[in-house]
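The values are calculated or read from the model by the stated rules, or taken from the named source; none is laboratory data. A quick note: this is a predicted structure, and the numbers were derived from the prediction, not measured. Positions of Cβ are generated from backbone atoms using ideal geometry, with glycine treated the same way; all protein chains shown enter the neighbour counts. Calculation scope for accessible area: heavy atoms of the full protein, side chains included, ligands and nucleic acids excluded. Shrake-Rupley method; radii C 1.70, N 1.55, O 1.52, S 1.80 Å.
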Amino acid sequence: MPYTKSIVLKSALLLFLVQFITACDLELDTNLPGVPAEGRFTAVAANQHTGVSSVQLGAAIFIDGEPAKLYGGDVVQGSTTNDFVLLLDDGFYTGSYSADLPNAANLSQIEFLMVHKPLETREGRWYPIDLFNFDPGPGELVGASASVTLPPEPLNIASSSTNFNSINDSFNLTWTAEAVQTPADIIKVRSLVSCANGTKTNTYGTEAVLVDNSDDGTEDINIDQFIYDITDTEPTIKFILDEARAALQELLIKLSNGEIADDFFANNEIINPVDNECEITLFLFRQRDGSFSAPSSPDSKIVGSRSSEISLFYNPN
Amino acid sequence: MSFIQSSFAIIIIYLITPAISYAENRLIDGNIFYTIPQTGGTDDFHTGKIANVNYNYYFKPWLAVTGGLFFSEEILDNVREDINSTYQSSLETRGLTLGLRPEYKFSDRNKVYARAGILYYDTTLRVSELFEPGISNSSTQSTSGNGFFIGAGWAHSFTQKVTFQLEIASHKQLKLFDGKTSSEQVFDLTTSGFSIGLGYAF
């Protein structure tokens with residue numbers, strides 16, 4: 001299954017948005033895990049992938065554990081000094097929103113602002129929205145803001161090997177380290193794995209457990225961080241949550257205009273990755289924290305990142 | 001009224017004068033038209049019903065001028081949701097028609113016919129929005145204008161005076177909300193479907 005760039009990017013942002021918040025508990029619905037039961041909780045992410053002229057933005061807002069559903073024109077706006085975009089699209093998780101912000105100039109400062117746009121938030125309706133434009137007024141969240149500075153793009157990502165035939169294999173991942181920042185940027189390595197047996201394809205996501213998350217330009221990683229044996233009762237692999245699998249399915253269906261069937265991930269016959277050919281798309285994220293204008297839950301987070309990718313191939317035969 | 005519509009009306013008036021009297025040269029028919037309105041956008045209306053009553057005057061045995069009125073029930077679009085609100089739109093329409101009705105009788109009791117002409121509409125669009133529990137709104141806007149219709153049907157005579165008719169037709173209302181909104185948001189409304197009805201000749 002060939003993945004388009006946009007599928008890979010959106011999957012990367014989703015994997016990123018989920019992972020920086022959550023623990024590893026699996027849940028079976030579209031509620032964002034790890035949301036505290038009290039107070040305002042906000043999760044905001046901005047990522048620009050190598051070779052892409054836009055920043056993928058995502059935001060999820062919760063009040064007392066419940067999604068703060070925006071209505072009446074309240075919407076999150078993401079902007080650089082050159083451009084802005086409204087986060088109108090539903091994210092995968094209930095209460096989350098997303099959009100792509102044009103950034104051909106590779107600007108690093110990303111601002112988020114809750115604005116009130118009753119007309120723009122009705123675009124896409126089939127009838128004349130200017131004639132039916134009742135405005136209930138701005139909500140309590142309007143005016144809240146946050147900002148993040150994207151770190152430099154991880155350059156020259158390379159692997160000591162790209163073809164593997166055993167889950168006991170390992171490789172050395174390298175990239176150009178950045179000058180030390182205060183606080184330091186951290187490195188995350190996540191994967192989109194697709195395995196096929198000639199008739200079926202399985203996909204899943206993992207996050208590699210690194211020796212350390214420092215931006216030192218090198219990391220030794222084992223293949224068993226991405227390829228596993230389904231008969232192994234204690235795999236070392238760290239999955240992205242099941243919601244990410246469902247999200248990948250939705251993305252693939254959406255981006256293929258429905259050409260990919262709904263049961264793309266519903267494998268009646270489970271493919272054992274360790275026994276089959278797999279393509280591993282590794283995403284290396286260099287990320288740093290941003291800041292909010294108003295007090296939020298201490299667990300709230302805004303993270304900016306830039307990412308690169310490299311493909312590895314596993315074939316046990 | 002456009003030049004074409006004016007010309008059409010003049011031709012009809014010319015054809016029906018002088019009046020030629022034929023026995024049972026008048027027919028009143030009433031129909032229920034089942035249709036799914038379409039605006040060419042992202043609308044997804046449910047099936048609705050439009051009632052119409054027509055007066056047909058035969059100035060030739062095979063050709064009548066037909067005039068009528070139509071009025072619909074409230075036809076609902078699907079409930080939708082976006083970042084602004086959960087909303088549902090609906091429309092009601094009414095109007096007048098004027099046209100020609102040629103017929104071909106292929107047996108004692110059966111004939112096929114066509115209808116075509118111009119129409120005048122008055123359509124009301126309603127949008128109801130729910131923002132959150134306790135905050136909602138409903139707005140209504142009306143628009144009027146011209147359009148055209150075309151149809152073809154089969155009529156079966158139960159008696160010399162009473163007929164049953166089954167028809168497929170399409171009505172097109174042009175440029176709704178023209179002059180009230182921007183040109184990009186002006187739209188045409190098409191109601192296509194089938195109707196069943198009864199006619200009474202006299």
Using just the alpha carbons, could you tell me how many Å³ per residue the convex hull of the range B:140-202 encloses?
117
Volume per residue (Å³) of the convex hull spanned by the alpha carbons of chain B is 119
Expressed as a percent, the portion of alpha-carbon pairs in the range B:115-154 spaced more than 12 Å apart is 70
Eigenvalues of the alpha-carbon gyration tensor of the range B:27-128, times 5 and square-rooted, give semi-axes in Å, largest first, of 36, 13, 10
Determine the shielding of peptide B:178-191 by partner chains: average, over its residues, the number of Cβ atoms on other chains within 10 angstrom of each Cβ.
2
Which value, in Å² rounded to 10, gives the accessible area of A:L192 with a 1.4 Å probe and all protein chains present?
10
Quick check: Cα centre of the range A:57-99 to Cα centre of the range A:156-179, how many Å?
36
What ³J(HN,Hα) values, in whole Hz, does the Karplus curve 6.51 cos²θ - 1.76 cosθ + 1.60 give for the range A:168-179 when θ = phi - 60°, with x put for Gly and Pro?
8, 5, 9, 8, 10, 8, 10, 7, 6, 5, 9, 4
What per residue convex hull volume, in Å³, do the alpha-carbon atoms of the range B:96-202 yield?
145
If only Cα atoms are counted, what is the Rg of the range B:73-157, and what is its Dmax, in Å?
20.3, 64
Karplus couplings for the range A:137-154 from phi (6.51 cos²θ - 1.76 cosθ + 1.60, θ = phi - 60°), rounded to Hz, Gly and Pro as x?
x, x, x, 5, 7, 4, x, 5, 9, 7, 8, 8, 10, 5, x, x, 5, x
Mind checking the angle between helix B:3-15 and chain B's longest principal axis? C-alpha axes, 0 to 90 degrees, to the nearest 10.
30
Over the alpha-carbon set of the range A:187-233, divide Rg by the Kirkwood Rh and report the Rg/Rh ratio to two decimals.
1.06
Starting from a Cα-only point model with no solvent, please compute log10 I(q)/I(0) by Debye for the range A:161-242 at q = 0.15, 0.22, 0.24 1/Å.
-0.64, -1.14, -1.27
Take the range A:40-100, drop everything but the C-alpha atoms, weight them equally and run the Debye formula without solvent; then report log10 I(q)/I(0) at 0.12, 0.26, 0.30 Å⁻¹ to two decimals.
-0.30, -1.13, -1.34
On the full set of protein chains, 1.4 Å probe, figure out the accessible area of B:R126 and give it in Å² to the nearest 10.
70
Please tell me the relative contact order of chain B in percent, rounded to the nearest whole number, where contacts are Cα pairs under 8 Å and at least six residues apart.
20
Expressed in square angstrom to the nearest 10, the accessible area of B:R94 with a 1.4 Å probe stands at 140
Please list A:V209, A:V148 from largest to smallest accessible area, probe radius 1.4 Å, with all protein chains kept in place.
A:V209, A:V148
Total accessible area buried between chains A and B, 1.4 Å probe, in Å² to the nearest 100?
2300
